[in-house]
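No value in this document is a laboratory result; all are computed from the given coordinates. Every value quoted in this text rests on a predicted model; they were computed, and no experiment measured them. Cβ placement follows ideal geometry from the backbone for every residue including glycine, while neighbour counts extend to all protein chains displayed.
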Amino acid sequence: MKLIRIMLAGIVAVHALSVSAQNEPASTPAAHAVHEGSSDAIVRMRQQEAAANRVYQRKVAAAKKVYDEKKTEARKERDATIAHARYSATQ
């Protein structure tokens, strides 16, 4: 849940920065230098978001693997029980 909040906050921050950057003209070289610095911060932020997404995807993949293993175990147990019931019914 915290990861989702962090991601949403990042998205809002990126949107706010892009809107403010569109509204401010960068006509002077000093203003242009300021925008370059903020784009570096944005790049770092996006790299951090990408890293967080990779960690999240790894954790989801691990959880899916555990889920699939448990599901397979349950399916085998169910199939064995059904086979036993069918075998008992025919005798």
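List of remarks:
- Dipole of region 41-90 computed with +1 at Lys/Arg Cβ and -1 at Asp/Glu Cβ about the Cα centre; of ILE42, THR81, ALA63, farthest Cα towards the positive end is ILE42.
- Positive minus negative residues near ASN53 (Lys, Arg vs Asp, Glu; Cβ under 13 Å): +3
- Dipole magnitude of region 41-90, debye to nearest 20 (Cβ charges: Lys/Arg +1, Asp/Glu -1, about Cα centre): 240
- 3J(HN,Hα) along region 53-64: 5, 5, 4, 4, 4, 5, 5, 5, 5, 5, 5, 5 Hz, from the Karplus curve 6.51 cos²θ - 1.76 cosθ + 1.60 with θ = phi - 60°, whole Hz, x for Gly and Pro.
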